[in-house]
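The values are calculated or read from the model by the stated rules, or taken from the named source; none is laboratory data. Quantities reported herein were computed from a predicted structural model and do not represent experimental measurements. With ideal geometry, Cβ positions are generated from the backbone for all residues, glycine too; neighbour counts draw on all protein chains shown.
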Amino acid sequence: MSETELSARIEGLLQAMPPVAALQPRLAELADEGCRLRAPLAANINDKGCAFGGSLVSLMTLAGWGLVTAWLERRGIKAEVYVADSQVKYRAPLYDDLDARAQFVESPADAVLADLADKRRASFQVRAEVRRNDGGLATSMESRYVAVVPDQIVAE
């Protein structure tokens, strides 16, 4: 699968989920080093005129999911990716469009591939953040994602 096809696939999956589509996310970057999603403030605004906390955490969660999903796809691994747990810190209100960036805490290694082959599941540690236009940190999140390789059904 080419990078263009992979980006289109991730973008399509985002748009296929109605609550996610309502955020109006756009894939801005997709690489092994990171995934970046953007969304307009107007679609994610709260009663105070700043970004809704649920939108911030959703966009960061989706950026992490996209990062792990694309990393697996590039290696030919078909797996279901789930966020297992996360810790969010809201640092400052965001009055700008949302720009979430996710990256691995540590680059996945051969051990991850071995876990997927042996145990059919593996964990990935991801850090995501949303910064204000002035460079200040608005929100950060540390998450653990789990990839599960489904059992193959053999047709008789």
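Of all residues in segment 74-104, exactly one satisfies the criterion of being closer than 10 Å to Arg132 by Cβ and touching a residue at least 60 places away in the same chain (Cβ under 8 Å), namely Asp99.
Any residue that is in a strand (DSSP E or B), basic (Lys, Arg) and either at pLDDT 90 or above or closer than 15 Å to Leu94 by Cα (or both) - is there at least one of those in segment 122-129? Yes; the residues of segment 122-129 include at least one that is in a strand (DSSP E or B), basic (Lys, Arg) and either at pLDDT 90 or above or closer than 15 Å to Leu94 by Cα (or both). Residues considered: Ala42, Ala22, Ala79. Of these, the only one that is surrounded by 14 or more Cβ atoms within 10 Å (Cβ to Cβ) and either modelled with pLDDT of 95 or more or not aromatic (Phe, Trp, Tyr) (or both) is Ala79.
Among the residues making up segment 25-39, those that are buried (at least 17 other Cβ atoms within 10 Å of the Cβ) and of a type in the set (A, V, I, L, M, F, W, C) are Leu27, Leu30, Cys35, Leu37, Ala39.
Candidates are the residues of segment 88-135 that are out of contact with any Cys (no Cβ under 8 Å at 6 or more places or on another chain) and of a type in the set (Ser, Thr, Tyr); the one that is surrounded by the fewest Cβ atoms within 10 Å (Cβ to Cβ) is Ser107.
Tell me, please, whether a residue that is modelled with pLDDT under 95, aliphatic (A, V, I, L, M) and closer than 28 Å to Arg120 by Cα can be found in segment 55-71. No: segment 55-71 contains no residue that is modelled with pLDDT under 95, aliphatic (A, V, I, L, M) and closer than 28 Å to Arg120 by Cα. Evaluating Tyr95 against the criteria (1) at pLDDT 95 or above; (2) in contact with a strand residue (DSSP E or B) (Cβ under 6 Å, 6 or more places away or on another chain) leaves one unmet condition, (2).
Considering only helices (runs of 4 or more DSSP H) fully contained in segment 1-119, which possess at least 1 residues that are more than 17 Å from the chain's Cα centre (by Cα)? Hits in segment 1-119: 3-16, 110-118.
Rundown of residues vs (1) farther than 23 Å from Glu5 by Cα; (2) at pLDDT below 95, yes/no style:
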| residue | (1), (2) |
| --- | --- |
| Glu73 | no, yes |
| Asp115 | yes, yes |
| Ala147 | no, no |
| Ala155 | yes, yes |
